[in-house]
Amino acid sequence: MREAFMMCINLAANALFIPDAKNRLNSVIKRVALLAGSKIILFAEHISDLGGALAQAFDSTPIATAKELQTAVAQGDYSLIVVDMLGGGDVSIERIRDVLPAPDELSVPAIILANPASMADKLAMYDMGYDDLIESGVEIDEALARCRKATYHQIAMRQLSSRLDAATATARTALVDNSDLGANVQFLLALHSCDNLDELGQQFFNSLERYGLKCSVQMRSLMGIKNMEPTGMAKDLESQLLTELKDKGRYIDFGRRTIINFDRVSMLIKNMPVDDAEKYGTIKDNTFALIQGLNARVIAIEDRYELEKEKETLKKLSSDVQGVMHVLKSSYQSVMKNIATTVEHTAEQIQYRIPALALTEVDEMFLEEVTNHSIYETNRIFNEGLKVDEYVNKLEQSLGAALAAIETDATSLSSGGDDGAKVDNNMVELF
C-alpha cells in the first residue's frame, strides 16, 4: 500500500510537466484505489459528472433504489456508500430523506454529493447520519481524497471496535475467573464447619451449582466409602466405575463425561462442555481445586475420627483402672484389718492361757514379750502400709481428673468443631 501511494505521488509530480496531466492523475488514483481493493456503492438515479469520476476511480456498484442498497450492504464487503444527488431533479431534504432515511444505521460510511440551499440543510444532512457532504464545486482530487479518508475512518473504527471487543472479552474472562476464585475460597472456608462426609458432600455440591454440572462424588476414608449425588443417594453403576477407575490416572475422559481422581476423592462429571474448549479447561481447573480442598478435609475428618476412637479407648481404660484400684484398695484394707484382728486375738488367747500352763516366770515373761513384740511389729507394718493408701488415693484422683479432661475435650470437639478452640496443655501428674 505504501509503495502504491508513493508511486501516486511521483506520477502526480511528473504529471505537472506533461500534457493531459489531469487524465494521467485520475488514472493513477484509480489504479491505487483498485490496488487497495476499495469497493463502493454509488447510489444515484442520475449519475453526475462528479459521481461518474468517483465511479471510475473506485470499484463501484451502481444502485438506484433503497431496497437494493440494503441488500447490497448485507451481501457485499463495501467500504463506502456515495449518494449522488447532483444528477438533477428534486434535491430537497425531504427527497434526500426518502431516498436514504437513516444512513447512520448502516455498517458502512456514507457520503452525499449535493448542493444544499442553506446551513439548515447541511445540518439536516449531518443529522441524518452522513459522514461528509461534497458539493459540485469540489475538485475531483479533493473528492477522491475525502472519500478515501472516509474509508480510512471506517477501517480505524473497525480496528478500534475489534480491540474493544477483545478488551471486553478479556475483562469478562477476568471477572469470571475472579468470581470462580471467590467461590472456591468460600468453599474452602465452609469446609471447616463440616463434621462428617455427608455434610462435606452437600457443601461440595452446593459449590458446584455455579458451573451447572451434573456429577457424583466418592470419598474414601477409615469411616468407609461414601458415594453420593446432590440428592444424597448414590447410583450403583457410577459407584462401581469410580471404585474401579480411582487408580487409573488423574483425568479420565470419555464422551461428555470426565472422571477426576485425587487421593481419597473421585468425581464423575456427566455433562462436560466438549464444544467449548475454554469452558472445558476452566471447569477442569476449578473443580480440581475444589477436589483438593475436599480431599484435605476428608483426611482431617479421618484424623479426628481416629482421635475420638483413641479418646474413647483411653476413657475406657482409665475407667477400668479406676475400678480395679478401688477394688484393690478395699481388698487391701480388708486384709490389713483381718490380719490385725487375728494377731490381737492370738495374743489375747496366749496371755489368757499362760497362768494355766505352769510355766516358770522366765518362760512367762518370754511369751509375753514375744506377744507384745508381735502386736507392736504388726501395728508398725500396718502404719507403714498407710502410705500405700495415700498412693492409691492419689492415683484415683489422677484417674478421675484424666476422665474429666477426656469428657471436656470430647464435648468441646463435638460442639465447637474447628472454630479455634483453645488446647488444654495441662499434664495430669500421677505421682
Is it true that some residue in segment 115-122 is surrounded by 14 or more Cβ atoms within 10 Å (Cβ to Cβ) and assigned to a loop (DSSP other than H, G, I, E, B)? yes
Residue hits (segment 271-280; within 15 Å of G255 (Cα to Cα) and part of a helix (DSSP H, G or I)) are A277, Y280
On the given criteria, is L395 at pLDDT 70 or above, touching a helix residue (DSSP H, G or I) at 6+ places or on another chain (Cβ under 8 Å) and not in a helix (DSSP H, G or I)? no
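Does at least one position in segment 240-248 carry a residue that is surrounded by fewer than 17 Cβ atoms within 10 Å (Cβ to Cβ) and closer than 18 Å to G293 by Cα?
no
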Considering only residues of segment 137-163 that are among the small types (G, A, S) and surrounded by 14 or more Cβ atoms within 10 Å (Cβ to Cβ), which is farthest from the chain's Cα centre (by Cα)? A143
Among all residue pairs at least 6 apart or on different chains, which show Cβ distances below 6 Å where the first residue, located in segment 190-218, is among the basic types (K, R) and the second is surrounded by 14 or more Cβ atoms within 10 Å (Cβ to Cβ) and assigned to a helix (DSSP H, G or I)? R210/A183
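Name the single residue that is modelled with the lowest pLDDT among those in segment 188-202 being assigned to a helix (DSSP H, G or I) and crowded, with 19+ Cβ neighbours inside 10 Å.
Here the answer is L191.
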Got a sec? Which of S318, S266, S330, S334 is among the hydroxyl-bearing types (S, T, Y), within 60 Å of the chain's Cα centre (by Cα) and farther than 28 Å from T408 by Cα? S266
I need the full set of residues from segment 207-225 which are closer than 16 Å to Q292 by Cα and part of a helix (DSSP H, G or I), in order please. S207, L208
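Quick grid of which residues meet (1) in contact with a helix residue (DSSP H, G or I) (Cβ under 9 Å, 6 or more places away or on another chain); (2) in a loop (DSSP other than H, G, I, E, B); (3) more than 20 Å from N206 (Cβ to Cβ); (4) not assigned by TED's automatic domain parsing to the domain that holds C194:
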| site | (1), (2), (3), (4) |
| --- | --- |
| N227 | yes, no, no, no |
| L237 | no, no, yes, no |
| N261 | yes, no, yes, no |
| F288 | no, no, no, no |
| N295 | no, no, no, no |
Are there any pairs with C-beta distances below 7 angstrom linking a residue in segment 328-353 that is at pLDDT below 80 to a residue that is surrounded by 11 or more Cβ atoms within 10 Å (Cβ to Cβ) and among the small types (G, A, S), with the two at least 6 apart or on different chains, and if so which? M336/G385
Does L69 qualify as being at pLDDT 85 or above, under 22 Å from Y126 (Cα atoms) and surrounded by 12 or more Cβ atoms within 10 Å (Cβ to Cβ)? no
Can you spot a residue in segment 295-313 that is without any contact (Cβ under 8 Å) to a residue 40 or more places away in the chain and touching a Phe, Trp or Tyr at 6+ places or on another chain (Cβ under 8 Å)? yes
All but one of (1) at pLDDT below 70; (2) touching a helix residue (DSSP H, G or I) at 6+ places or on another chain (Cβ under 8 Å) hold for G400, so report the exception by its number. (1)
From (1) closer than 29 Å to V392 by Cα; (2) touching a helix residue (DSSP H, G or I) at 6+ places or on another chain (Cβ under 8 Å), pick out the condition that doesn't hold for S334. (2)
It is to be established whether one or more residues within segment 303-320 are assigned to a helix (DSSP H, G or I), among the β-branched types (V, I, T) and not assigned by TED's automatic domain parsing to the domain that holds I225. yes
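The values are calculated or read from the model by the stated rules, or taken from the named source; none is laboratory data. Everything numeric here is computed off the predicted structure, so don't read it as measured data. Because the Cβ atoms are built from the backbone with ideal geometry, glycine has one as well, and the counts that use them run over all protein chains shown.
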